[in-house]
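Reviewing the structure listed below.
The values are calculated or read from the model by the stated rules, or taken from the named source; none is laboratory data. Computed from a predicted model, the values in this text were never measured in an experiment. Every residue, glycine as well, gets a Cβ built from its backbone with ideal geometry; the counts of neighbours run over all protein chains shown.
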Amino acid sequence: MLRVSTEPVGYIIMLPDDLPVDRQKLLTWETDCWQCGEQTPVVWPRGDHLDTPLGDILANYGTPVERVYSNTLGKKVWGNVCQHCDSYQGNHFIQQEALEIDPPLVDCPHCGDEHEWSPDQGMGGAFGQGWVSCPEYGEIPVGDPRGE
């Protein structure tokens, strides 16, 4: 279960004041740790990925971000770790939660209005497929607007 801050999206409650990053470009929330089940804070860049130079900055400012080994990728990456048991939370899963909290807006290919995009929860998600819910035309398949 996600527990999102009651502050406006992008307002960072767990990051230090001297962090040299625009707080509006970051999301924070608490998620259930896959290992111990405790609520743990996580941070994710809006519309970006944590395994970038930003991860290094966040790791040096007392956030839950650390250099960890990803079994999926077979290499070290920047990722969130549980504050209770130190388990890596998995960038794919945290990124999916970030999309639920702050979905990108895309132009509907049928009506032209902007609607929230959500990733396909089935096999299509592995291929960059997602959906917009158009009030006029219903569920419409749309590719990933993040360019992944």
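Applying the criterion of being out of contact with any strand residue (DSSP E or B) (no Cβ under 6 Å at 6 or more places or on another chain) and of a type outside the set (Asp, Glu) to the residues of segment 111-128, the residue that is farthest from residue 79 (Cα to Cα) is 112. Might you check whether a residue that is touching a residue at least 40 places away in the same chain (Cβ under 8 Å) and assigned to a strand (DSSP E or B) occurs anywhere in segment 53-70? Within segment 53-70, none of the residues are touching a residue at least 40 places away in the same chain (Cβ under 8 Å) and assigned to a strand (DSSP E or B). Figure legend. Inter-residue proximity from segment 34-51: first residues in the same structural domain as residue 24 (by TED's automatic domain parsing) and basic (Lys, Arg), second residues assigned to a strand (DSSP E or B) and surrounded by 16 or more Cβ atoms within 10 Å (Cβ to Cβ), beta-carbon distance below 9 Å, spacing 6+ or different chains. Indicated pairs: 46/26; 46/27. Which residue out of 19, 27 is not basic (Lys, Arg) and not in a strand (DSSP E or B)? 19 is the lone residue from the list that is not basic (Lys, Arg) and not in a strand (DSSP E or B).
Just one residue in the set 21, 42 is at pLDDT below 95 and either surrounded by 13 or more Cβ atoms within 10 Å (Cβ to Cβ) or within 22 Å of residue 117 (Cα to Cα) (or both); that residue is 21.
For segment 123-148, residues that are exposed (fewer than 12 other Cβ atoms within 10 Å of the Cβ) and more than 21 Å from residue 97 (Cα to Cα) total 3.
For every residue, the table says whether it meets (1) crowded, with 18+ Cβ neighbours inside 10 Å; (2) in a helix (DSSP H, G or I).
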{"residue": "83", "(1), (2)": "no, no"}
{"residue": "86", "(1), (2)": "no, no"}
{"residue": "92", "(1), (2)": "no, yes"}
{"residue": "96", "(1), (2)": "no, yes"}
{"residue": "100", "(1), (2)": "no, yes"}
{"residue": "103", "(1), (2)": "no, no"}
{"residue": "111", "(1), (2)": "no, no"}
{"residue": "115", "(1), (2)": "yes, no"}
{"residue": "121", "(1), (2)": "no, no"}
